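The values are calculated or read from the model by the stated rules, or taken from the named source; none is laboratory data. Just so you know, these numbers come straight off a predicted model, no measurement behind them. Note: ideal-geometry Cβ built from the backbone for every residue, glycine included; neighbour counts use all protein chains shown. Keep in mind that these areas ignore ligands, DNA and RNA; they rest on the heavy atoms of the full protein, side chains included. Shrake-Rupley method; radii C 1.70, N 1.55, O 1.52, S 1.80 Å.
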Amino acid sequence: MKKIQMVDLGGQYQEIKEQVNASISQILETSSYINGPEVHAFQKDLEEYLEVKHVIPCANGTDALQIAMMGLGLKPGDEVITADFTFAATVEVIALLQLTPVLVDVEPDTFNIDISAVERAITSKTKAIVPVHLFGQCANMDAIMELAEKNDLYVIEDNAQAIGAKYLSGKGDKKMAGTIGHVGATSFFPSKNLGCYGDGGAIFTNDDALAHTIRGIVNHGMYERYHHDVVGVNSRLDSIQAAVLRAKLPKLNDYCDARRTAARKYNEALRNEESIILPKTVNQCEGICDTCDCHVFHQYTLRITSGKRNGLVKFLNENDIPCGIYYPIPLHKQKAYLDDRYKEVDFPVTNQLVEEVISLPMHTELDDEQIAFITGKVIEFMNA
Ligand SMILES: *Cc1c(COP(=O)(O)O)cnc(C)c1O
């Protein structure tokens, strides 16, 4: 059996090696490291894939979130509602811009932001909601867009974990994750579902005026060379990363399928375990099927309800099976984001999830032997 890895970037590289190496050599030969033709071509490719009018590449996913908020003109003191159970980047940029983060609880089955908690958190100062499409599946965008419309709020989708996922709205139309709200942000960090070989990110929007504003912000606030109209940042995707992403984008749907297949096999093997709650897929299907495209399984995350989670982590590691705890501490308990407004009774789900979640190895190169070994060890420990 091949050594089991949490993510296997090497295996993926072997398949696109020729194309990637050729494009990178070309960039080295022409020295067009920044804003080269590869960056523009990738932007166009991604616009087409996402069926969105504007993609603005940038340096990483955290920048993408920050720039989206700057582009919307959010001002210090504006309240921005986001999920308590996610990676810190989301709340970090809210705080950096001196906006007021308002963390709310999530749903126990999808791990995504809880709509009733969002509704309760809306005040006269609320300006935006940032749903995070956690682990590869969209938050309840129908409900979020409805709340946003009713309360005149912006919606910024943190799509760092769900690129390639689709969302089926109640009206029956399917849209790509990240293109439903006013603006979407994503990351091309190597381990993301569409990852480059360094840092990268992008912002998406269908709003022409917002796209124009954002194109200036990523480039030092310049709309005309050496005329700085607004305070901007320097945030660029470089040509080499764009070349890697161009090679991978045509394979993204296959990558998503491979992840879904692995998730289905995990589910099949683990579905009779009493103390394990399988990840829930909403929208298109009841369970997980091969054709369902609403979940792209950035992570395959179980809940272990018997208090054995930490023991399981230890047991898997002893058997050379890597696993992860995403996330071990709720954001409202992180020192940097403590706030008197938060009451523990408002976060029952996040407080429970941090004790129960475990993410198993998930990538495009997992084979049946590895999945059988991993699930066998999980079952062995749970029944010991
Ligand atoms: C990875 C990630 C980010 C940040 O992306 P970087 O490219 O690492 O800056 C933001 N939000 C979520 C949910 C992420 O998973």
Number of positions in the range 1-14 that are open to solvent by 70 Å² or more (accessible area, probe 1.4 Å) and either in contact (Cβ under 8 Å) with a residue 24 or more places away in the chain or on the phi > 0 side of the Ramachandran plot (or both): 4
Given (1) within 16 Å of the ligand (Cβ to nearest atom); (2) open to solvent by 10 Å² or more (accessible area, probe 1.4 Å); (3) closer than 21 Å to Phe297 by Cα, number of the condition Pro101 does not satisfy: (3)
Count - residues of the range 54-96 that are within 15 Å of the ligand (Cβ to nearest atom), farther than 14 Å from Ser235 by Cβ and open to solvent by 20 Å² or more (accessible area, probe 1.4 Å): 4
Evaluation of Ala242 against (1) open to solvent by less than 70 Å² (accessible area, probe 1.4 Å); (2) more than 16 Å from the ligand (Cβ to nearest atom); (3) over 18 Å from Leu65 (Cβ atoms) (one fails), failing number: (2)
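Looking only at the range 314-338, filter to residues that are of a type in the set (Ser, Thr, Tyr) and part of a loop (DSSP other than H, G, I, E, B); which one of those is nearest to Ile122 (Cα to Cα)?
Taking the range 314-338 first, the residues of a type in the set (Ser, Thr, Tyr) are 326-327, 337.
Retained after the next criterion (residues that are part of a loop (DSSP other than H, G, I, E, B)): 326-327.
Values: Tyr326: 27, Tyr327: 25 Å.
Filtering first and then ranking leaves Tyr327.
Looking at this structure, is Leu278 free of Cβ contacts under 8 Å to residues at least 40 places away in the same chain and closer than 27 Å to Asp8 by Cα? Walk me through it before giving the result.
Working: free of Cβ contacts under 8 Å to residues at least 40 places away in the same chain: yes; closer than 27 Å to Asp8 by Cα: yes.
Yes, satisfied.
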Residue within the range 352-368 that is free of Cβ contacts under 8 Å to residues at least 12 places away in the same chain, over 29 Å from Val118 (Cα atoms) and in a helix (DSSP H, G or I) present: no
Pick from the range 298-315, criterion away from the ligand (no atom under 16 Å from the Cβ) and in contact with a strand residue (DSSP E or B) (Cβ under 8 Å, 6 or more places away or on another chain), ranking: farthest from Leu103 (Cα to Cα): Leu312
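Looking only at residues in the range 173-206 that are among the hydrophobic types (A, V, I, L, M, F, W, C) and open to solvent by 10 Å² or more (accessible area, probe 1.4 Å), which one is nearest to the ligand (Cβ to nearest atom)?
First pass over the range 173-206, keeping only residues among the hydrophobic types (A, V, I, L, M, F, W, C): 176-177, 180, 183, 185, 188-189, 194, 196, 202-204.
Checking the rest, the ones that are also open to solvent by 10 Å² or more (accessible area, probe 1.4 Å) come to 176, 180, 189.
Values: Met176: 17, Ile180: 16, Phe189: 4 Å.
The selected residue is Phe189.
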Count of residues meeting criterion [in a loop (DSSP other than H, G, I, E, B) and either open to solvent by less than 10 Å² (accessible area, probe 1.4 Å) or within 16 Å of the ligand (Cβ to nearest atom) (or both)] in the range 154-172: 7
Residue check, Leu134 within 16 Å of the ligand (Cβ to nearest atom), surrounded by fewer than 18 Cβ atoms within 10 Å (Cβ to Cβ) and within 26 Å of Ser191 (Cα to Cα): no
Checklist (1) open to solvent by 30 Å² or more (accessible area, probe 1.4 Å); (2) part of a loop (DSSP other than H, G, I, E, B); (3) under 25 Å from Lys192 (Cα atoms) applied to Arg341, failing item: (3)
Candidate set: the range 207-220, residues that are open to solvent by less than 10 Å² (accessible area, probe 1.4 Å) and small (Gly, Ala, Ser); chosen: the one nearest to Ala247 (Cα to Cα): Ala211
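Return yes when Thr123 is open to solvent by 10 Å² or more (accessible area, probe 1.4 Å) and more than 15 Å from the ligand (Cβ to nearest atom) and no when it is not.
So Thr123 fits the description; yes.
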The range 17-53, residues that are among the β-branched types (Val, Ile, Thr), buried (at least 16 other Cβ atoms within 10 Å of the Cβ) and in a helix (DSSP H, G or I): Val20, Ile24, Ile27, Val39
